[in-house]
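Working notes, beginning with the structure itself.
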Protein chains: 4
Amino acid sequence: MDSPFILINLKTYKEGMGSNAHRIAAAAETVAKESGAVIGIAPTFTELHPMSYHYSIPVYAQHIDPIAPGAHTGHILPESVRSAGARGTLINHSERRLTLADIDACVQAARRLHLESVVCTNNDATSAAAAALGPDYVAIEPPELIGSGISVSKADPGIIERSVNAVRRANPNVKVLTGAGIQSGECVKIAIDLGTCGVLLASSVVKAEDPEAVLRDLVSLI
Amino acid sequence: MDSPFILINLKTYKEGMGSNAHRIAAAAETVAKESGAVIGIAPTFTELHPMSYHYSIPVYAQHIDPIAPGAHTGHILPESVRSAGARGTLINHSERRLTLADIDACVQAARRLHLESVVCTNNDATSAAAAALGPDYVAIEPPELIGSGISVSKADPGIIERSVNAVRRANPNVKVLTGAGIQSGECVKIAIDLGTCGVLLASSVVKAEDPEAVLRDLVSLI
Amino acid sequence: MDSPFILINLKTYKEGMGSNAHRIAAAAETVAKESGAVIGIAPTFTELHPMSYHYSIPVYAQHIDPIAPGAHTGHILPESVRSAGARGTLINHSERRLTLADIDACVQAARRLHLESVVCTNNDATSAAAAALGPDYVAIEPPELIGSGISVSKADPGIIERSVNAVRRANPNVKVLTGAGIQSGECVKIAIDLGTCGVLLASSVVKAEDPEAVLRDLVSLI
Amino acid sequence: MDSPFILINLKTYKEGMGSNAHRIAAAAETVAKESGAVIGIAPTFTELHPMSYHYSIPVYAQHIDPIAPGAHTGHILPESVRSAGARGTLINHSERRLTLADIDACVQAARRLHLESVVCTNNDATSAAAAALGPDYVAIEPPELIGSGISVSKADPGIIERSVNAVRRANPNVKVLTGAGIQSGECVKIAIDLGTCGVLLASSVVKAEDPEAVLRDLVSLI
């Protein structure tokens, strides 16, 4: 089995920018080396380039637009995040939804540019739909868990199980991430036990007093 | 096998509004009775109610918003198109794209209200994705055929075949409509032969000098 | 001076649809006749036509799209709300924001079709900006008052005064409506005293046990 | 009078990224020093930081979102473009339109962060509206000139004159840029003579064989 994958979305939190982003990236690099887990970060666009070049951990964009080079002022060209050193990209995050046609176009663009694609979804039906597009990952973010402080370990595990099954039926090559309700090593263990290959998380690392301690806890049971 | 289904999208064409809409609806009613085909129309929102009440043919909304009753000024409440007499609704038409999460919410709203859902898509991947959401119909509109004047009978039939197969694998209960490139009875026959259960079309009927004659031709080979 | 103008936005409230819409329209007609106030309603699109034809009060659309007749499935053609009998339309309501270029195009379309345009705004700067486009009305909806239950009579009157002044400087021909925080006849009086020519309101009438009594109170001090 | 301002929008052109962006920035730096004109560039987000730090010319973002630090995955935080070294930002470019309320919020955010704001508009009415929001600049991009190859020197000068006058009436502190149809030094001279303080342009520099020669021509008559 692959190493578990922990992807930290820095969003546009002030605790996830500038020197704070460096502190989190450094912590991720340290804990990844110690544990063997793969730990990635998704910084804001203007910091993709410095994060990619200063740290050995994989870096992801938070969004791409389904465009080719040309006249698209203010949009995110997939080629530009590739040039900035990104290994992959989130697509259709709950805070940046895309049309179905655009998700498909983004997944295709990512494939063409050898960017890993992580499509975010909100339930088992949309997870199956996203999987049908053939991305590398589907990250399930049940709305009832997003930013709720409710741990996935305490919530109905059926949400994740049904989505894993729906994704497998739709496209068995697509890997699944648990995308909300992750706060501790126990949550990560449950996420893995439910058949997902890792987690997508944000505030519990980004807003932590000591991100390195939280990361060490997250990988402690895997 | 069910009767073939011909759904005429009146869009916001001036040839599809007011007395013109009545002329098309009357023609559809006549040809449906003669031929046994099911012929529906999708008028603009303000004409849903009069079209539903004056004609025996099924009437469809062109769009719904994924909302519940409440404070949503200027949006299309699914309940309102139901009350106006609609049998169903288009969702995610190429001229009115929705996010994946919103398509799912619209399909669920339609199911709850006993409205038929017709989700429009642009290729085999998005057709499979839409089918995973469990609508009544997926209508494939290959962008290379939309408004092109190219007949599906002259185009690569693989586009439709691949989409039919993709939909069947994703959800065998979902019916498929051919949604572009339909101009004649031969096109309708090809659409049916390729495994779809009908067609979604617009300008070739709406902008015709004699819509009744066009409709009679469309059903002539089925 | 013109009669004060009271515009009731029925939104997509269940209390503002079907037989409920008829009850509110009938109450508005009665109170308008008694008081001499102009009372209009803005029902959902599918009910524009029946409301226009059954009642003598002016009827408004809740939104239009900046389009001309053509291939715009699922959009609101200004001509269609005109044909349905609307006297005017809301534009850029806080629940249906438009780009600046689209607001301008909608105001122009309304002018061309002899529809009254009521552009909604959120502060004095955007009120001046909207006035520069030359609509018939600007309706100021201070976000701190929308749906807050706070009466404009209790809130800082400076919000409305600054907007009235900003609109006058930008274009003295544009009339102003107070668009939030209206619950009683006293609120309407204050709105008029502050230099606006009427009010745009929703829930306090639509969700009332007895809309006719509320309307009678609203016009009682003018 | 201030030095004329020439702002080069690199868009997401492949000719405006990576080593190409460096070549254009270096040319701009050279010609700015020689001529005394102020020449700025607006690169893609991922290249804001390297462009700001390698060149002495002012660097602008192509867009900002009207957000504060927080949970806004995939959006452009004004603070992040400030940290990356931007002197200002485009707002509401014709390829990235915003709602009126969002333009206002972006202008306010830029003011708070000491970023220069350049709001793009399409005619005299929207130019007056934008000026009412109090940005530093309004850049008029008449749609009939954008990417048309038609030089502003050949087009109806009334478009620019009316917009300059409309902006002055709305807010005399706001400076105006001519935002389309600029191809030569003669165009820049006409733009200045019509009362604007500079130009916003893209393809004529970015897609030039020799950007330095084009820039030298652009400043030749001022």
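The values are calculated or read from the model by the stated rules, or taken from the named source; none is laboratory data. The shown structure was predicted, so the numbers you read here are calculated from the model rather than taken from an experiment. Here the Cβ positions follow ideal geometry from the backbone for every residue, glycine too, while neighbour counts run over all protein chains shown. Ligands, DNA and RNA are stripped out before the accessible areas are found, and what is left, the full protein with its side chains, is counted by its heavy atoms. Shrake-Rupley method; radii C 1.70, N 1.55, O 1.52, S 1.80 Å.
Quick look at the values:
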| item | result |
| --- | --- |
| Output for region D:211-222, where each listed residue is open to solvent by 80 Å² or more (accessible area, probe 1.4 Å) and within 12 Å of D:Ala27 (Cβ to Cβ) | D:Arg216 |
| Scope region C:68-89; condition of a type outside the set (A, V, I, L, M) and either touching a Lys or Arg at 6+ places or on another chain (Cβ under 7 Å) or open to solvent by 10 Å² or more (accessible area, probe 1.4 Å) (or both); matching residues | C:Pro69, C:Gly70, C:His72, C:Thr73, C:Gly74, C:His75, C:Glu79, C:Arg82, C:Ser83, C:Gly85, C:Arg87 |
| A:Glu95 away from chain D (no Cβ under 14 Å), within 28 Å of D:Gly70 (Cβ to Cβ) and open to solvent by 40 Å² or more (accessible area, probe 1.4 Å) | no |
| Residue in region D:186-209 that is open to solvent by 30 Å² or more (accessible area, probe 1.4 Å), assigned to a loop (DSSP other than H, G, I, E, B), touching a residue at least 12 places away in the same chain (Cβ under 8 Å) and closer than 19 Å to D:Thr12 by Cα present | yes |
| Cβ pairs under 8 Å, 6+ apart, first in region C:62-82 and within 9 Å of chain B (Cβ to nearest Cβ), second assigned to a helix (DSSP H, G or I) and open to solvent by 10 Å² or more (accessible area, probe 1.4 Å) | C:Asp65/C:Asp102; C:Pro69/B:Lys14; C:Pro69/C:Glu79; C:Ala71/B:Ser203; C:Glu79/B:Lys14; C:Ser80/B:Glu47 |
| Failed criterion for D:Leu201 (all others in (1) within 14 Å of chain A (Cβ to nearest Cβ); (2) in contact with an Asp or Glu (Cβ under 6 Å, 6 or more places away or on another chain) hold) | (2) |
| Residue among B:Ile182, B:Ile150, B:Ile159 that is within 23 Å of B:Ile222 (Cα to Cα) and touching a Pro at 6+ places or on another chain (Cβ under 6 Å) | B:Ile159 |
| Residue selected from region D:162-187 under the condition among the small types (Gly, Ala, Ser) and within 14 Å of D:Leu133 (Cβ to Cβ), by the criterion farthest from the other protein chains (Cβ to nearest Cβ) | D:Ala166 |
| Which numbered condition A:Val152 fails, given (1) within 14 Å of chain B (Cβ to nearest Cβ); (2) touching a residue at least 12 places away in the same chain (Cβ under 8 Å); (3) surrounded by 24 or more Cβ atoms within 10 Å (Cβ to Cβ) | (1) |
| Candidate set: region B:49-59, residues that are more than 14 Å from chain C (Cβ to nearest Cβ) and out of contact with any His (no Cβ under 9 Å at 6 or more places or on another chain); chosen: the one surrounded by the fewest Cβ atoms within 10 Å (Cβ to Cβ) | B:Ser56 |
| Neighbours by Cβ (under 7 Å, 6+ apart or cross-chain): first from region B:3-31, without any contact (Cβ under 8 Å) to a residue 12 or more places away in the chain; second surrounded by fewer than 18 Cβ atoms within 10 Å (Cβ to Cβ) | B:Lys14/C:Pro69 |
| Residues that are facing chain D (nearest Cβ under 7 Å) and open to solvent by less than 10 Å² (accessible area, probe 1.4 Å), drawn from region A:4-13 | A:Asn9, A:Thr12 |
| Subset of region B:119-132 that is of a type outside the set (S, T, N, Q) and in contact with a Ser or Thr (Cβ under 7 Å, 6 or more places away or on another chain) - its residue that is nearest to the other protein chains (Cβ to nearest Cβ) | B:Ala130 |
| Residue count, region A:155-172 (criterion: more than 20 Å from A:Leu145 (Cα to Cα) and either basic (Lys, Arg) or loosely packed, with under 15 Cβ neighbours inside 10 Å (or both)) | 3 |
| Complete set of residues in region B:91-107 that are in contact (Cβ under 8 Å) with a residue 12 or more places away in the chain and out of contact with any Lys or Arg (no Cβ under 8 Å at 6 or more places or on another chain) | B:Ile91, B:Asn92, B:His93, B:Ser94, B:Arg96, B:Leu98, B:Ile103, B:Asp104, B:Ala105, B:Cys106, B:Val107 |
| Residue within region C:110-117 that is of a type in the set (A, V, I, L, M, F, W, C) and surrounded by 24 or more Cβ atoms within 10 Å (Cβ to Cβ) present | yes |
| Unique match (being within 14 Å of chain D (Cβ to nearest Cβ) and surrounded by fewer than 17 Cβ atoms within 10 Å (Cβ to Cβ)) among C:Pro143, C:Pro135 | C:Pro143 |
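Residues checked against (1) surrounded by fewer than 21 Cβ atoms within 10 Å (Cβ to Cβ); (2) part of a helix (DSSP H, G or I); (3) of a type outside the set (Lys, Arg):
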{"position": "C:Asp2", "(1), (2), (3)": "yes, no, yes"}
{"position": "C:Glu15", "(1), (2), (3)": "yes, yes, yes"}
{"position": "C:His22", "(1), (2), (3)": "yes, yes, yes"}
{"position": "C:Glu29", "(1), (2), (3)": "yes, yes, yes"}
{"position": "C:Ile39", "(1), (2), (3)": "no, no, yes"}
{"position": "C:Glu47", "(1), (2), (3)": "no, yes, yes"}
